[in-house]
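A.B. asks: Below is a structure I'd like to ask you about.
Bear in mind these aren't lab numbers, they're just calculated from the coordinates by the rules spelled out. The structure presented is a predicted model; accordingly, all values stated were derived computationally and were not measured. Ideal geometry is used to build each Cβ from the backbone, glycine not excepted, and the neighbour counts take in all protein chains shown.
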Amino acid sequence: MDNAAVTRRDAIKTGAAMATAWAAPYIISTRALGTDLIPPASDRITVGHIGVGGRGRALFGAIRQVTQAQSVAVSDCFRSRREALANVCRGDAYVDFRSILQRDDIDAVIIATPDHWHVPICEQAVRSGKHVYVEKPLGLTIEQNLTCQKAFQQSGLVFQYGTQQRSMPHCHLACEMVRRGAIGSLTAIEVDAPNGGEGGSLDESAPPDEFDFHRWLGPAPRTAYTRDRCKPPGTYWIYDQSIGYLAGWGAHPLDLMIWGSDADQAEPIVVEGTGVVPTDGLYDTVYNWDVKIKLGQVDLTFRPGADRTKFIGRHGWIQVARSRDRTVASDPDLLDTRLEQSDNHLKLSRHHMANFIDAVAAKDPKRTVTSIEESVRSDTLSHLCDIAIRTEERIVWDPSTQTLTEGSQKARSLMTRNHLAV
């Protein structure tokens, strides 16, 4: 998610514009009958899309670049969104995502809903036998993360996380060099992610006629519709629905930290931090955070800023970011290294969605460049930061048992929430 992506998410396009944008490259005869490059429909992985707002539209486009896949159904609480993209793929449009999960002819689903729906839909998808690609962040709580992890581990279904930087060659190279010890043993890691904010209208109003607001809320507490709740940044900055950019943006650089290092797995994780929780306006997730984390002998700092992960070792440093221009090192030659793939510590992927479809076709969860376990590790760090800030406490997490070993009852209570049944 780069700055351009944030802008794209903030822009609400009409259904007609969506249809025009995606309709041009569509040729029904080629995709249905197959060619030398495109397999026939009977051999393709069938995909249902759940949530096709800003990010969901982008993923809809990404799946159309994968010749082995075919989109066949779309679900969204906005009628114009679902109908426009269903028209593009000549598939079916549903307001209720469960209509997709009930179909035996759909192999996999792509979940790009607001954050509070991610894990509830994941869990229902697993029970329906669907492979899942889900956007970040993962759970609304640590408890949700662990429940989701268990569901995928027991099912053997494919999981892919929306941390697309793992399919960017420059990110792979930077993290691979850290893994190979190119900068020596790690002493510190610096992580920055874009900041949150305050504001948002509290004025109640009627939702648009085409929008099923009650269904959109789903497991979140019942509340009135306001013009800022169901669009960015409200979808990221309201605590009933998210924990803010600690996870919504932090997922990217924290994931790169996990990819380049296992520092978070060595010893108990000690978290202390400060931040602002707004009390006026609609938005009430943490911003202006400053978190200090002990990962054994490695000091991790997590602050607002441009998206980046900086690994600092005894013999130099490497900074990796979604932007290639901001991926730099103390020794520039480190990032010009030609790697022999056979020696890689990390999987190599050139296209995030193609990597997912390849794993689904093989029915092999180990083929994805992400894993449910590593996704839970990075998302849990975001939640630990949120808990430490909200309680103003020093908290300790044991990564081996995945339990909070130090923290008040209030801190422990923030590991879970009472969700409405959906």
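A.B. asks: Please work out how much length the chain gains when fully extended from residue 410 to residue 223, using 0.36 nm per residue of separation minus the C-alpha to C-alpha distance, in nm with one decimal.
C.D. replies: 64.9 nm
A.B. asks: For the stretch 126-131, just list the computed ³J(HN,Hα) in residue order, Karplus coefficients 6.51, -1.76 and 1.60, θ = phi - 60°, integers in Hz, with x standing in for Gly and Pro.
C.D. replies: 4, 4, 8, x, 9, 6
A.B. asks: On to the next question. Which residue, 193, 125, 58, has the most motion in a Gaussian network model of the chain that connects Cα atoms within less than 10 Å?
C.D. replies: Among 193, 125, 58, the largest GNM mean-square fluctuation belongs to 58.
A.B. asks: While we're here: Got a sec to turn the phi values of the stretch 144-149 into Karplus ³J(HN,Hα) couplings, 6.51 cos²θ - 1.76 cosθ + 1.60 with θ = phi - 60°, whole Hz, x for Gly and Pro?
C.D. replies: Here the 3J(HN,Hα) series is 4, 4, 5, 5, 5, 4 Hz.
A.B. asks: Taking the stretch 59-197, how much of its Cα-Cα pair set, in percent, is spaced more than 21 angstrom apart?
C.D. replies: 54 percent
A.B. asks: Also, I was wondering about something else. Evaluate 2.2 N^0.38 Å with N set to the residue count of the chain, then give the Cα radius of gyration divided by it.
C.D. replies: 0.97
A.B. asks: Suppose the chain between residue 306 and residue 398 were pulled fully straight at 0.36 nm per residue; how much longer would it get relative to their current alpha carbon spacing?
C.D. replies: 30.2 nm
A.B. asks: Translational D (Stokes-Einstein, µm²/s) of the stretch 122-260 at 4 °C and 1.567 mPa s when Rh comes from the Kirkwood sum over C-alpha pairs?
C.D. replies: 73 µm²/s
A.B. asks: Obtain the radius of gyration and the Kirkwood radius of the stretch 270-314 from its C-alpha atoms and give Rg over Rh.
C.D. replies: Checking Rg against Rh, the ratio lands at 1.09.
A.B. asks: Defining a contact as two alpha carbons under 8 Å apart and six or more residues distant in sequence, what relative contact order in percent does the stretch 105-207 show?
C.D. replies: Computed value for the stretch 105-207: 21 percent relative contact order.
A.B. asks: What list do you get for 237, 317 if you sort them by fewest beta carbons within 10 Å?
C.D. replies: 317, 237
A.B. asks: Would you please give the residues with an amide H less than 5 Å from that of residue 188, counting only those at least 5 places away or on a separate chain, with H modeled from the backbone geometry?
C.D. replies: 299, 312
A.B. asks: Treat the stretch 211-334 as a sphere of radius equal to its Kirkwood radius over Cα pairs and apply Stokes-Einstein at 4 °C in a medium of 1.567 mPa s; give the translational diffusion coefficient in µm²/s, rounded to a whole number.
C.D. replies: The diffusion coefficient I find is 77 µm²/s.
A.B. asks: Related question: Taking θ = phi - 60°, what integer Hz values does the Karplus form 6.51 cos²θ - 1.76 cosθ + 1.60 yield along the stretch 267-272, in sequence order, with x for Gly and Pro?
C.D. replies: Once θ is set to phi - 60°, the couplings for the stretch 267-272 become 9, x, 9, 9, 10, 9 Hz.
A.B. asks: Okay, moving on. Scan the stretch 151-242 for trypsin sites (Lys or Arg not before Pro) in coil per DSSP, keeping those whose Cβ has at most 15 other Cβ atoms within 10 Å, and list them by number.
C.D. replies: Those satisfying the criteria are 180, 222, 227.
A.B. asks: Run the simple label-point estimate for residue 203 and residue 274 please: 7 Å along Cα→C-beta, distance reported in nm.
C.D. replies: Label-label distance for residue 203 and residue 274, simple model: 3.6 nm.
A.B. asks: Multiplying the sequence separation of residue 340 and residue 79 by 0.36 nm and subtracting their Cα-Cα distance, what value in nm do you get?
C.D. replies: This chain segment gains 89.1 nm when fully extended.
A.B. asks: Can you put 136, 150, 292 in order, fewest other beta carbons within 10 Å first?
C.D. replies: 150, 292, 136
A.B. asks: Give me 289, 259 sorted ascending by neighbouring Cβ count inside 10 Å, so fewest comes first.
C.D. replies: Going from least to most buried by this count: 289, 259.
A.B. asks: Using the structure shown, list the pairs from 310/410; 136/347; 130/150; 150/231; 231/347; 310/363 with a Cα-Cα distance above 24 Å, or answer none.
C.D. replies: Going by Cα-Cα distance, 310/410; 150/231; 231/347; 310/363 fall outside the 24 Å limit.
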